[in-house]
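> Pasting in a structure now, in structure tokens, and then I'll have a few things to ask.
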Amino acid sequence: MITRLVATVLLLLVPVLGVWTFVTAPANGWWMPPTVSTFGPDIDYLFYLILWMVAFFFVLTEAILVYSVFVYSRKRADKATFSHGNHKLELLWTGIPAALLLVIAFSQMGTWAKIKFRGNIPEGEPLAHVWASQFDWRFQYAGADGVFGTMDDIENPFEFVVPVGEDVLFNLHSRDVLHSFSVLEFRLKQDAVPGMSIPVWFNCRETGSYELICMELCGWGHYKMNGRVRVVTREEYDAWITEKQADLMSNGMEERS
Amino acid sequence: MSAELVTPVAPGLGTPGWVREHHEHHELGFLRKYVFSTDHKVIGIQFMFTGLVFFLLGGLMAMAIRWQLAWPWTEMPVVGKLLFPQTGRVITPEFYTMLFTMHGTIMIFFVIIPLLTGAFGNYLIPLMIGAPDMAFPRLNMIGYWAMIPAIIFVLTGFFVEGGAAAAGWTAYPPLSTIAGQGGQTYWLLALTFVGLSSMCGAINYVTTIVKMRAPGLTLMRMPLAVWSLLIAALLQLFALPVLTAASIMQLLDRVLHTGFFTPANLLVNQLNPETLDAAAGGQPLLWQHLFWFYSHPAVYIMVVPAMGMASDIIAVHARKPIFGYKPMVYSMASIAGLGFIVWGHHMFASGMNPALGMTFMVSTIMIALPSAIKVFNWLGTLWGSRIRLTTPMLFALGFVSMFIIGGLSGIWMAATPVDIYIHDTYIVVAHFHYVVFAGSVLAIFAGIYHWFPKMFGRMMNETLGKIHFVGTFVFTNGVFYMMHQLGLAGLMRRTADPYAYEVFAHLKPVNVFISICAFCLLGWQVFFAFNFFHSLFRGRRAGRNPWSGASLEWEAPTPPGHGNFDRELKVFRGPYEYAAPEVEQDFVAQARDLRAEVAESA
């Protein structure tokens with residue numbers, strides 16, 4: 001009797017606490033931070049779509065399990081139902097999940113293509129080349145001549161300064177091992193692979209400073225390989241580039257004159 | 001001439017095995033009987049003890065990981081002085097990367113796979129199909145002894161210059177091929193020997209199941225545990241060579257400075273110039289493809305046998321036939337089949353062609369279907385059953401409950417756009433621990449409690465077993481459930497200090513809670529260890545069939561002697577004839593000849 005009660009309660013706590021944890025998590029901040037990129041809401045929508053379907057089947061199956069364990073573990077003299085299965089039920093619980101899974105699969109495709117496919121990547125020259133190495137980030141801008149690899153290139157460590165509300169295209173590189181460029185608020189993540197130049201883009205809707213996280217194991221210092229993405233208005237961005245440019249061309253004597 | 005030298009012959013192809021055993025049996029010395037044994041039961045038990053010892057080792061590593069995540073860079077109490085004397089009792093980031101690398105490696109290659117396929121595969125297959133032993137007993141012995149160099153190599157890593165492997169259990173190049181971490185070379189050697197061990201097992205399991213089933217035991221009358229082990233063995237046969245080849249290629253990259261995986265023009269801090277000069281033209285993504293071509297099927301090697309064992313245990317203790325036997329077989333087979341075309345879902349963020357990512361997404365999402373079918377059929381089995389809440393049954397029910405969580409959370413990871421966000425976060429950690437720990441490990445516990453009487457001739461203590469279940473179930477969820485929340489908050493895997501980022505500072509209470517649950521989870525296993533060893537010597541004597549099971553292993557004496565069975569077996573029906581109306585008892589054993597009984601009584 002005690003075993004029966006304990007088993008039922010334990011199995012019942014799984015869906016109850018499971019759902020409760022997910023319901024209360026956002027209030028505690030144990031949840032996705034609000035998104036600020038243009039494709040962020042699309043990803044969040046797909047996440048919630050799957051969450052609702054998953055939650056339904058989670059509660060349904062766990063409830064049937066709890067009910068069965070409670071009801072059929074009662075001591076009885078008679079035998080169990082002698083059944084080897086039911087063809088109609090099998091068709092039902094194959095067909096419905098199959099259809100739902102196909103719906104999930106096909107609903108992902110548009111967003112994936114929009115974010116990742118080469119054809120949908122913003123046209124034109126990239127704003128910057130982003131270089132990852134153990135354990136820091138460097139951001140290389142083309143400078144005044146608009147051409148990468150020339151004398152006036154600006155290389156900024158740690159902080160990636162980009163204009164707000166514009167498609168920001170950059171090429172991601174690694175100098176040594178694998179790294180991953182990830183900004184939670186942008187819902188963006190892309191591995192940096194040595195020997196590959198991977199085009200990545202985002203469009204941030206709000207100015208602010210966001211943490212750049214290396215998400216792929218890159219050695220002992222992986223945990224501290226952080227950076228910043230500072231999203232500023234177009235004017236501030238141009239001013240920043242000009243200032244950096246002046247810095248680069250300076251011989252350090254101008255202020256004195 | 002000893003009995004081992006005679007190859008057991010498949011029924012129908014010559015003298016049946018059990019006939020041979022009767023007139024050739026003689027006593028073997030201790031070494032031949034218990035150490036260099038060719039008996040599948042002894043080898044299975046050897047795998048079990050090895051696996052359990054490594055389970056403790058891998059578990060202790062997990063505790064160190066949890067200490068660091070809850071209280072990073074803090075002096076470790078009690079054992080800190082012993083383990084980290086040079087670093088002020090603190091785990092260094094270098095050692096932390098070794099810890100999670102070796103935790104994963106040990107748990108996967110030295111615990112779960114050896115326990116499921118090595119221990120249960122060896123022990124159960126011949127007994128459940130009514131065979132006297134494996135088809136190739138010597139190869140079987142080599143299979144176990146190949147684990148010994150693997151164990152030596154994997155542990156050697158900790159004592160060589162540069163320390164143990166520290167590139168994650170996935171060993172992605174170039175991190176794994178550049179200099180430093182001398183242990184990586186030993187890690188690759190260890191993996192090669194583990195592969196050899198699995199291969200010897202897999203060849204044996206497939207041959208034994210195909211050729212040595214008792215008369216009347218058609219494929220569709222095999223217990224699901226046997227089906228699951230056959231499917232796992234086929235997965236190993238077809239996928240493992242790829243990993244072995246890739247490991248050797250990485251070994252060549254490291255030792256002979258070839259350039260399979262290391263690209264040109266690397267600029268690495270603390271570099272070994274020799275390595276980098278030679279390395280050129282390699283492609284890091286190639287390793288990822290080859291590695292996951294084995295290691296994703298390996299995930300199914302780690303869960304399909306658990307499914308099969310849980311099915312058998314549920315049927316026995318629910319006293320009801322498995323609901324939808326054929327769909328159960330087909331769904332396991334399709335999990336394995338689809339398992340070969342889903343490896344790319346580990347690489348959605350890797351820089352692989354996004355069009356390829358889309359196809360991998362569809363195959364991965366569809367693999368949820370056979371998993372769902374299995375869950376529904378387990379629930380169908382329980383419906384209208386007469387459940388006996390024994391310890392093995394509690395663990396099997398726990399397995400079903402936990403597998404539901406692990407299965408469902410996989411859908412997020414399969415969905416490519418959602419995966420952009422959750423890739424490499426703790427939600428992935430939550431997902432695979434729900435499948436492999438909360439799923440497979442609970443099923444392994446169920447299996448140990450269920451087949452312990454057959455293995456050792458004694459029952460395990462039920463009260464202790466139930467106490468073990470309650471704590472294990474509660475703390476397992478305490479450890480792994482909130483990892484979903486950590487992952488949703490974006491916390492990355494494999495970080496030595498989550499609080500190096502402002503966005504993760506508020507997650508500390510969650511990590512502290514998880515760590516405390518983890519310490520309790522490991523501590524609670526005392527109930528298991530005590531029960532296991534106490535029952536080994538003092539447990540209540542078990543009869544031939546203590547659970548009233550219908551499958552063939554319960555026909556053998558307890559514990560089974562050399563050659564397994566003391567009578568000729570013939571199979572008349574499927575393995576799950578519980579609650580059958582034609583007899584008074586609530587089960588009809590597979591080998592029970594009802595017609596002969598009727599003829600006799602008439």
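> Could you check region A:163-176 and list, in sequence order, the residues that are closer than 18 Å to A:Cys214 by Cβ and either modelled with pLDDT of 95 or more or within 21 Å of the chain's Cα centre (by Cα) (or both)?
Correct list: A:Phe170, A:Asn171, A:Leu172, A:His173, A:Ser174.
> Okay, moving on. What pairs come out if I take residues in region B:180-208 that are more than 11 Å from B:Ile142 (Cα to Cα) and pair them with residues that are assigned to a helix (DSSP H, G or I) and among the basic types (Lys, Arg) whose C-beta lies under 6 Å away, six or more apart or interchain?
B:Thr185/B:Arg254
> If a residue has to be part of a helix (DSSP H, G or I) and either farther than 26 Å from B:Ile148 by Cβ or not polar (S, T, N, Q) (or both) to count, how many in region B:44-86 make the cut? I'd like the intermediate steps shown before the answer.
Going through region B:44-86, the residues part of a helix (DSSP H, G or I) turn out to be B:44-70, B:80-83.
Now drop any that are not either farther than 26 Å from B:Ile148 by Cβ or not polar (S, T, N, Q) (or both), which leaves B:44-45, B:47-49, B:51-70, B:80-83.
Qualifying residue count for the region: 29.
> Could we say that B:Ile108 is crowded, with 23+ Cβ neighbours inside 10 Å, touching a residue at least 24 places away in the same chain (Cβ under 8 Å) and out of contact with any Cys (no Cβ under 9 Å at 6 or more places or on another chain) here? Explain how you work it out, then say what you get.
Working: crowded, with 23+ Cβ neighbours inside 10 Å: no; touching a residue at least 24 places away in the same chain (Cβ under 8 Å): yes; out of contact with any Cys (no Cβ under 9 Å at 6 or more places or on another chain): yes.
So B:Ile108 does not fit the description; no.
> Now, a different point. Looking at B:Thr97, B:Thr92, B:Thr101, B:Thr87, which is the one that is farther than 30 Å from B:Ser551 by Cα, β-branched (Val, Ile, Thr), within 14 Å of another protein chain (Cβ to nearest Cβ) and in contact with a His (Cβ under 8 Å, 6 or more places away or on another chain)?
So the residue among B:Thr97, B:Thr92, B:Thr101, B:Thr87 that is farther than 30 Å from B:Ser551 by Cα, β-branched (Val, Ile, Thr), within 14 Å of another protein chain (Cβ to nearest Cβ) and in contact with a His (Cβ under 8 Å, 6 or more places away or on another chain) is B:Thr97.
> Further question on the same structure: Report yes if B:Val470 is facing another protein chain (nearest Cβ under 10 Å), closer than 30 Å to B:Asn531 by Cβ, without any contact (Cβ under 8 Å) to a residue 60 or more places away in the chain and in a helix (DSSP H, G or I), otherwise no. Write out each step before concluding.
Working: facing another protein chain (nearest Cβ under 10 Å): yes; closer than 30 Å to B:Asn531 by Cβ: yes; without any contact (Cβ under 8 Å) to a residue 60 or more places away in the chain: yes; in a helix (DSSP H, G or I): yes.
In short, yes.
> Could you please tell me which pairs satisfy a Cβ distance under 9 Å, a separation of 6+ or placement on different chains, a first residue in region B:499-519 that is of a type in the set (D, E, K, R), and a second residue that is in a helix (DSSP H, G or I)?
B:Lys508/B:Ala70; B:Lys508/B:Pro498; B:Lys508/B:Tyr499
> Can I ask one more? Only one residue in B:Ala489, B:Ala443 is among the small types (Gly, Ala, Ser) and either facing chain A (nearest Cβ under 7 Å) or surrounded by fewer than 24 Cβ atoms within 10 Å (Cβ to Cβ) (or both), so which one is that? If you could, list the steps in order and put the result at the bottom.
Details: B:Ala443 fails: either facing chain A (nearest Cβ under 7 Å) or surrounded by fewer than 24 Cβ atoms within 10 Å (Cβ to Cβ) (or both).
After applying the criteria, what remains is B:Ala489.
> So which helices (runs of 4 or more DSSP H) stay within region B:108-185 end to end and still have 2 or more residues that are at pLDDT 95 or above, of a type in the set (Val, Ile, Thr) and farther than 30 Å from A:Asp191 by Cβ?
The helices (runs of 4 or more DSSP H) meeting that bar are B:122-129, B:147-156.
> Next question, about the same structure. Quick one: how many residues across region B:570-584 are surrounded by fewer than 22 Cβ atoms within 10 Å (Cβ to Cβ), of a type outside the set (D, E, K, R) and more than 9 Å from every other protein chain (Cβ to nearest Cβ)?
Residues that pass the stated criteria total 2.
> Among the residues of region B:48-68, are any in contact with a Lys or Arg (Cβ under 9 Å, 6 or more places away or on another chain) and either without any contact (Cβ under 8 Å) to a residue 40 or more places away in the chain or not acidic (Asp, Glu) (or both)?
Within region B:48-68 (the criterion being in contact with a Lys or Arg (Cβ under 9 Å, 6 or more places away or on another chain) and either without any contact (Cβ under 8 Å) to a residue 40 or more places away in the chain or not acidic (Asp, Glu) (or both)), the answer is no, since none of the residues qualifies.
> When you look at B:Pro417, is it touching a residue at least 40 places away in the same chain (Cβ under 8 Å) and surrounded by 23 or more Cβ atoms within 10 Å (Cβ to Cβ), yes or no? Break it down stepwise before answering.
On the way: touching a residue at least 40 places away in the same chain (Cβ under 8 Å): no; surrounded by 23 or more Cβ atoms within 10 Å (Cβ to Cβ): yes.
The answer is no for B:Pro417.
> With the requirement that a residue be crowded, with 17+ Cβ neighbours inside 10 Å and at the interface with chain B (Cβ under 8 Å from one of its Cβ atoms), what does region A:14-28 give you?
Going through region A:14-28, the residues crowded, with 17+ Cβ neighbours inside 10 Å turn out to be A:14-15, A:18, A:22, A:25.
Hits for region A:14-28 are A:Val14, A:Gly18, A:Phe22, A:Ala25.
> Filter region B:367-390 down to residues that are β-branched (Val, Ile, Thr) and assigned to a helix (DSSP H, G or I) and give me whichever is farthest from the other protein chains (Cβ to nearest Cβ).
Among those residues, the one meeting the criterion is B:Thr381.
The values are calculated or read from the model by the stated rules, or taken from the named source; none is laboratory data. Since the model is a prediction, treat every value here as computed from it, not as a measurement. Positions of Cβ are backbone-derived with ideal geometry, glycine not excepted, and every protein chain shown enters the neighbour counts.
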